[in-house]
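The values are calculated or read from the model by the stated rules, or taken from the named source; none is laboratory data. This one's a predicted model, so the numbers in the text were calculated from it and none came from an experiment. Every residue, glycine among them, receives a Cβ derived from its backbone with ideal geometry; neighbour counts consider all protein chains shown.
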Protein chains: 2
Amino acid sequence: MAERISDSEYAVMEQLWRAAPLTANQVAEAIGSERSWSVQTVKTLLARLVAKGALATQADGRRFLYSPLIEREAHRAGESQRLVDRLFGGRISPLVAQFADAETLSDTDIAELKALIERLEK
Amino acid sequence: MAERISDSEYAVMEQLWRAAPLTANQVAEAIGSERSWSVQTVKTLLARLVAKGALATQADGRRFLYSPLIEREAHRAGESQRLVDRLFGGRISPLVAQFADAETLSDTDIAELKALIERLEK
DNA sequence: CTTGACAGACTACAGATGTAGTCGTTACGT
DNA sequence: ACGTAACGACTACATCTGTAGTCTGTCAAG
(Lines give C-alpha, C1' and ligand atoms only; values in the text may rest on other atoms or scores of the structure.)
Protein backbone atom coordinates (compact mmCIF):
# COMPACT_ATOMS: atom_id res chain seq x y z
CA MET A 1 0.00 0.00 0.00
CA ALA A 2 1.12 3.48 -0.73
CA GLU A 3 2.78 4.54 2.47
CA ARG A 4 3.85 8.12 2.43
CA ILE A 5 7.42 8.95 1.63
CA SER A 6 9.07 11.75 3.55
CA ASP A 7 11.21 14.50 2.09
CA SER A 8 14.49 12.89 2.98
CA GLU A 9 13.34 9.53 1.81
CA TYR A 10 12.30 11.09 -1.45
CA ALA A 11 15.82 12.34 -2.05
CA VAL A 12 16.96 8.73 -1.81
CA MET A 13 14.24 7.52 -4.14
CA GLU A 14 15.29 10.12 -6.67
CA GLN A 15 18.71 8.60 -7.04
CA LEU A 16 17.25 5.17 -7.52
CA TRP A 17 14.81 6.42 -10.09
CA ARG A 18 17.76 7.96 -11.87
CA ALA A 19 19.73 4.73 -11.84
CA ALA A 20 19.06 1.36 -10.29
CA PRO A 21 19.98 -0.97 -8.80
CA LEU A 22 22.58 0.69 -6.62
CA THR A 23 24.34 -0.24 -3.41
CA ALA A 24 23.86 1.84 -0.29
CA ASN A 25 27.23 3.42 -0.84
CA GLN A 26 26.49 4.31 -4.40
CA VAL A 27 23.30 6.00 -3.33
CA ALA A 28 25.11 7.85 -0.57
CA GLU A 29 27.77 8.97 -2.97
CA ALA A 30 25.26 10.16 -5.54
CA ILE A 31 23.38 12.10 -2.91
CA GLY A 32 26.52 13.40 -1.26
CA SER A 33 26.80 16.13 -3.85
CA GLU A 34 23.44 17.60 -2.91
CA ARG A 35 23.09 16.98 0.77
CA SER A 36 25.78 16.43 3.32
CA TRP A 37 24.47 13.30 4.91
CA SER A 38 26.54 10.65 6.57
CA VAL A 39 26.48 7.24 4.97
CA GLN A 40 24.59 5.99 8.02
CA THR A 41 21.81 8.41 7.37
CA VAL A 42 21.38 7.18 3.84
CA LYS A 43 21.39 3.60 5.05
CA THR A 44 18.69 4.36 7.58
CA LEU A 45 16.56 5.94 4.90
CA LEU A 46 17.09 2.97 2.63
CA ALA A 47 16.02 0.60 5.39
CA ARG A 48 12.91 2.66 6.08
CA LEU A 49 12.02 2.69 2.42
CA VAL A 50 12.39 -1.06 2.26
CA ALA A 51 10.16 -1.36 5.33
CA LYS A 52 7.60 0.83 3.61
CA GLY A 53 7.65 -1.36 0.56
CA ALA A 54 9.03 1.39 -1.64
CA LEU A 55 12.29 -0.36 -2.41
CA ALA A 56 13.27 -3.90 -3.22
CA THR A 57 16.55 -5.42 -2.16
CA GLN A 58 18.55 -7.94 -3.99
CA ALA A 59 21.52 -9.60 -2.34
CA ASP A 60 24.85 -9.09 -4.01
CA GLY A 61 27.35 -11.00 -1.97
CA ARG A 62 27.01 -9.63 1.50
CA ARG A 63 25.51 -6.34 0.52
CA PHE A 64 22.30 -5.24 -1.05
CA LEU A 65 21.35 -3.71 -4.29
CA TYR A 66 18.33 -1.47 -4.00
CA SER A 67 15.78 -0.78 -6.68
CA PRO A 68 12.52 1.17 -6.63
CA LEU A 69 9.31 -0.75 -6.25
CA ILE A 70 7.08 2.21 -6.75
CA GLU A 71 7.04 4.29 -9.88
CA ARG A 72 8.14 7.84 -9.85
CA GLU A 73 5.08 8.76 -11.86
CA ALA A 74 2.78 7.07 -9.39
CA HIS A 75 4.34 8.91 -6.53
CA ARG A 76 4.12 12.25 -8.28
CA ALA A 77 0.52 11.59 -9.15
CA GLY A 78 -0.35 10.71 -5.56
CA GLU A 79 1.35 13.71 -4.07
CA SER A 80 -0.05 16.09 -6.64
CA GLN A 81 -3.54 14.81 -6.13
CA ARG A 82 -3.14 15.12 -2.42
CA LEU A 83 -2.09 18.74 -2.67
CA VAL A 84 -4.85 19.64 -5.08
CA ASP A 85 -7.42 17.94 -2.90
CA ARG A 86 -6.26 19.56 0.29
CA LEU A 87 -5.64 23.05 -0.94
CA PHE A 88 -7.75 23.56 -4.00
CA GLY A 89 -10.81 21.46 -3.45
CA GLY A 90 -9.57 18.86 -5.90
CA ARG A 91 -9.71 21.17 -8.89
CA ILE A 92 -6.66 21.92 -10.86
CA SER A 93 -7.32 25.23 -12.54
CA PRO A 94 -7.23 27.16 -9.26
CA LEU A 95 -3.81 25.67 -8.74
CA VAL A 96 -2.59 26.94 -12.07
CA ALA A 97 -4.33 30.25 -11.45
CA GLN A 98 -2.42 30.52 -8.22
CA PHE A 99 0.87 30.29 -10.08
CA ALA A 100 -0.42 32.83 -12.57
CA ASP A 101 -1.27 35.24 -9.78
CA ALA A 102 2.08 34.73 -8.15
CA GLU A 103 3.65 35.53 -11.51
CA THR A 104 5.93 32.59 -11.34
CA LEU A 105 5.04 31.47 -14.83
CA SER A 106 7.62 32.05 -17.50
CA ASP A 107 6.75 32.53 -21.16
CA THR A 108 8.00 29.03 -21.74
CA ASP A 109 5.64 27.69 -19.10
CA ILE A 110 2.74 29.45 -20.71
CA ALA A 111 3.63 28.18 -24.15
CA GLU A 112 3.93 24.65 -22.83
CA LEU A 113 0.63 24.86 -21.08
CA LYS A 114 -1.02 26.18 -24.19
CA ALA A 115 0.32 23.30 -26.25
CA LEU A 116 -0.80 20.87 -23.59
CA ILE A 117 -4.32 22.23 -23.52
CA GLU A 118 -4.60 22.13 -27.25
CA ARG A 119 -3.61 18.55 -27.23
CA LEU A 120 -6.18 17.81 -24.56
CA GLU A 121 -9.01 19.41 -26.45
CA LYS A 122 -8.90 16.87 -29.19
CA MET B 1 9.42 32.97 8.93
CA ALA B 2 6.88 30.75 7.35
CA GLU B 3 6.84 27.74 9.61
CA ARG B 4 5.22 24.77 8.06
CA ILE B 5 1.65 23.96 8.90
CA SER B 6 0.70 20.33 9.32
CA ASP B 7 -2.39 18.67 7.92
CA SER B 8 -4.35 18.84 11.13
CA GLU B 9 -3.32 22.38 11.77
CA TYR B 10 -4.42 23.25 8.29
CA ALA B 11 -7.93 22.03 9.03
CA VAL B 12 -8.04 24.52 11.88
CA MET B 13 -6.71 27.33 9.72
CA GLU B 14 -9.39 26.61 7.17
CA GLN B 15 -12.13 27.43 9.62
CA LEU B 16 -10.47 30.66 10.56
CA TRP B 17 -10.01 31.65 6.96
CA ARG B 18 -13.68 30.99 6.48
CA ALA B 19 -14.66 33.17 9.43
CA ALA B 20 -12.63 35.00 12.02
CA PRO B 21 -12.15 35.79 14.78
CA LEU B 22 -13.53 32.73 16.53
CA THR B 23 -13.20 31.27 19.99
CA ALA B 24 -11.63 27.87 20.47
CA ASN B 25 -15.05 26.37 20.97
CA GLN B 26 -16.44 27.89 17.83
CA VAL B 27 -13.55 26.49 15.86
CA ALA B 28 -14.04 23.08 17.44
CA GLU B 29 -17.70 23.17 16.68
CA ALA B 30 -17.17 24.21 13.08
CA ILE B 31 -14.66 21.44 12.59
CA GLY B 32 -16.69 18.90 14.45
CA SER B 33 -18.79 18.26 11.42
CA GLU B 34 -15.80 17.10 9.40
CA ARG B 35 -13.52 15.46 11.88
CA SER B 36 -14.35 13.92 15.19
CA TRP B 37 -11.82 15.67 17.31
CA SER B 38 -12.14 16.37 20.97
CA VAL B 39 -12.20 20.01 21.96
CA GLN B 40 -8.84 19.48 23.59
CA THR B 41 -7.33 18.47 20.30
CA VAL B 42 -8.53 21.61 18.63
CA LYS B 43 -7.18 23.70 21.47
CA THR B 44 -3.81 22.05 21.18
CA LEU B 45 -3.72 22.78 17.48
CA LEU B 46 -4.72 26.38 18.08
CA ALA B 47 -1.94 26.78 20.63
CA ARG B 48 0.60 25.29 18.23
CA LEU B 49 -0.52 27.61 15.47
CA VAL B 50 -0.16 30.58 17.77
CA ALA B 51 3.32 29.40 18.69
CA LYS B 52 4.17 29.13 15.01
CA GLY B 53 3.01 32.65 14.39
CA ALA B 54 0.16 31.56 12.14
CA LEU B 55 -2.61 32.83 14.39
CA ALA B 56 -3.12 35.94 16.47
CA THR B 57 -5.02 35.93 19.73
CA GLN B 58 -7.10 38.68 21.11
CA ALA B 59 -8.43 38.50 24.64
CA ASP B 60 -12.18 38.51 25.04
CA GLY B 61 -12.88 38.38 28.72
CA ARG B 62 -11.16 35.29 29.97
CA ARG B 63 -11.01 33.56 26.65
CA PHE B 64 -9.29 34.15 23.36
CA LEU B 65 -10.45 35.02 19.93
CA TYR B 66 -8.24 33.61 17.22
CA SER B 67 -7.60 35.11 13.81
CA PRO B 68 -5.24 34.11 11.01
CA LEU B 69 -1.99 35.96 10.68
CA ILE B 70 -1.01 34.33 7.46
CA GLU B 71 -3.00 34.56 4.27
CA ARG B 72 -4.59 31.54 2.78
CA GLU B 73 -3.25 32.57 -0.60
CA ALA B 74 0.25 32.85 0.74
CA HIS B 75 0.06 29.42 2.26
CA ARG B 76 -1.30 27.87 -0.89
CA ALA B 77 1.38 29.56 -2.93
CA GLY B 78 4.09 28.32 -0.63
CA GLU B 79 2.88 24.75 -0.58
CA SER B 80 2.28 24.65 -4.31
CA GLN B 81 5.69 26.02 -5.05
CA ARG B 82 7.21 23.52 -2.69
CA LEU B 83 5.54 20.62 -4.43
CA VAL B 84 6.44 21.82 -7.89
CA ASP B 85 10.03 22.39 -6.86
CA ARG B 86 10.41 19.03 -5.21
CA LEU B 87 8.61 16.87 -7.70
CA PHE B 88 8.70 18.65 -11.00
CA GLY B 89 11.94 20.58 -11.00
CA GLY B 90 10.10 23.81 -10.39
CA ARG B 91 8.26 23.74 -13.71
CA ILE B 92 4.53 23.73 -13.79
CA SER B 93 3.61 22.22 -17.12
CA PRO B 94 4.86 18.77 -16.14
CA LEU B 95 2.55 19.00 -13.17
CA VAL B 96 -0.42 19.69 -15.36
CA ALA B 97 0.74 17.06 -17.82
CA GLN B 98 0.78 14.61 -14.97
CA PHE B 99 -2.90 15.24 -14.30
CA ALA B 100 -3.58 14.96 -17.99
CA ASP B 101 -1.86 11.59 -18.12
CA ALA B 102 -3.72 10.40 -15.08
CA GLU B 103 -6.90 11.40 -16.82
CA THR B 104 -8.21 13.22 -13.83
CA LEU B 105 -9.06 16.32 -15.80
CA SER B 106 -12.71 16.94 -16.50
CA ASP B 107 -13.94 18.87 -19.50
CA THR B 108 -14.64 21.74 -17.16
CA ASP B 109 -11.07 21.69 -15.94
CA ILE B 110 -9.80 21.78 -19.48
CA ALA B 111 -12.08 24.65 -20.43
CA GLU B 112 -11.00 26.60 -17.39
CA LEU B 113 -7.38 26.02 -18.11
CA LYS B 114 -7.85 27.11 -21.66
CA ALA B 115 -9.49 30.35 -20.58
CA LEU B 116 -6.74 30.92 -18.09
CA ILE B 117 -4.00 30.45 -20.66
CA GLU B 118 -5.69 32.77 -23.08
CA ARG B 119 -5.84 35.39 -20.44
CA LEU B 120 -2.15 34.91 -19.69
CA GLU B 121 -1.09 35.26 -23.27
CA LYS B 122 -2.14 38.87 -23.46
C1' DC C 1 -21.04 32.06 49.37
C1' DT C 2 -20.63 27.71 47.12
C1' DT C 3 -20.44 24.85 43.24
C1' DG C 4 -19.99 23.58 38.85
C1' DA C 5 -19.07 24.54 34.05
C1' DC C 6 -15.76 26.23 31.14
C1' DA C 7 -11.31 28.53 29.71
C1' DG C 8 -6.51 28.30 28.90
C1' DA C 9 -1.93 26.04 30.46
C1' DC C 10 0.55 22.21 31.03
C1' DT C 11 1.38 17.30 30.45
C1' DA C 12 1.18 12.81 27.92
C1' DC C 13 2.36 9.62 24.76
C1' DA C 14 2.88 6.91 20.53
C1' DG C 15 4.39 7.11 15.82
C1' DA C 16 7.01 9.61 12.05
C1' DT C 17 11.07 12.08 10.72
C1' DG C 18 15.84 13.80 10.44
C1' DT C 19 20.17 12.61 11.49
C1' DA C 20 23.52 9.63 13.03
C1' DG C 21 26.38 6.29 16.18
C1' DT C 22 27.63 1.44 17.67
C1' DC C 23 27.96 -3.66 17.15
C1' DG C 24 28.97 -7.90 15.24
C1' DT C 25 30.36 -10.15 11.07
C1' DT C 26 32.77 -11.01 6.88
C1' DA C 27 35.64 -10.58 2.73
C1' DC C 28 39.86 -9.00 1.02
C1' DG C 29 44.63 -7.55 1.00
C1' DT C 30 49.07 -8.79 2.93
C1' DA D 1 46.24 -16.49 9.13
C1' DC D 2 45.23 -11.81 10.56
C1' DG D 3 43.91 -7.38 10.75
C1' DT D 4 41.08 -4.03 8.98
C1' DA D 5 37.74 -1.92 6.24
C1' DA D 6 33.18 -2.21 4.90
C1' DC D 7 28.43 -3.99 5.36
C1' DG D 8 23.88 -4.58 7.33
C1' DA D 9 21.36 -4.63 11.91
C1' DC D 10 20.32 -2.43 15.82
C1' DT D 11 20.14 1.58 18.76
C1' DA D 12 19.74 6.64 19.76
C1' DC D 13 17.64 10.76 20.32
C1' DA D 14 15.55 15.30 19.50
C1' DT D 15 11.67 17.27 17.13
C1' DC D 16 7.17 17.19 14.96
C1' DT D 17 2.56 15.41 14.59
C1' DG D 18 -1.87 13.47 15.96
C1' DT D 19 -4.71 13.01 19.54
C1' DA D 20 -6.06 13.82 24.00
C1' DG D 21 -6.07 14.06 29.39
C1' DT D 22 -5.34 16.79 33.80
C1' DC D 23 -4.73 20.99 36.53
C1' DT D 24 -5.92 25.43 38.04
C1' DG D 25 -8.33 29.50 38.05
C1' DT D 26 -12.68 32.07 37.27
C1' DC D 27 -17.43 33.50 36.10
C1' DA D 28 -22.10 32.71 36.57
C1' DA D 29 -26.11 30.48 38.58
C1' DG D 30 -28.40 29.29 42.56
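Odds and ends about this structure:
- Unmet requirement for A:W37, which otherwise passes all of (1) of a type in the set (A, V, I, L, M, F, W, C); (2) closer than 25 Å to B:Q81 by Cβ; (3) buried (at least 19 other Cβ atoms within 10 Å of the Cβ); (4) within 16 Å of DNA strand C (Cβ to nearest atom): (3)
- Checked against (1) at the interface with chain A (Cβ under 7 Å from one of its Cβ atoms); (2) modelled with pLDDT of 95 or more, B:I117 passes all but a single condition, namely (2).
- Any helices (runs of 4 or more DSSP H) falling wholly within the range A:17-102 and containing at least 1 residues that are within 25 Å of B:F88 (Cβ to Cβ) and under 16 Å from the mean Cα position of the chain (by Cα): A:24-32, A:39-51, A:72-88
- Selection of the range B:84-96 for residues being facing chain A (nearest Cβ under 7 Å) and crowded, with 19+ Cβ neighbours inside 10 Å yields B:L87, B:I92, B:S93, B:L95, B:V96.
- Residue in the range B:58-69 that is among the aliphatic types (A, V, I, L, M), within 15 Å of DNA strand D (Cβ to nearest atom) and surrounded by 19 or more Cβ atoms within 10 Å (Cβ to Cβ) present: no
- A:V27 being in contact with a Ser or Thr (Cβ under 7 Å, 6 or more places away or on another chain), surrounded by 14 or more Cβ atoms within 10 Å (Cβ to Cβ) and farther than 30 Å from B:E112 by Cβ: no
- Residue among A:A24, A:A54 that alone is more than 8 Å from DNA strand C (Cβ to nearest atom) and more than 25 Å from B:L83 (Cα to Cα): A:A24
- Check on B:S8, within 14 Å of another protein chain (Cβ to nearest Cβ), under 24 Å from A:R82 (Cα atoms), free of Cβ contacts under 8 Å to residues at least 60 places away in the same chain and within 12 Å of DNA strand D (Cβ to nearest atom): yes
- Some residue of the range A:62-81 being modelled with pLDDT under 95, on the phi > 0 side of the Ramachandran plot and not β-branched (V, I, T): no
- Sole residue being within 14 Å of chain A (Cβ to nearest Cβ) and either more than 9 Å from DNA strand D (Cβ to nearest atom) or on the phi < 0 side of the Ramachandran plot (or both), chosen from B:W37, B:W17: B:W17
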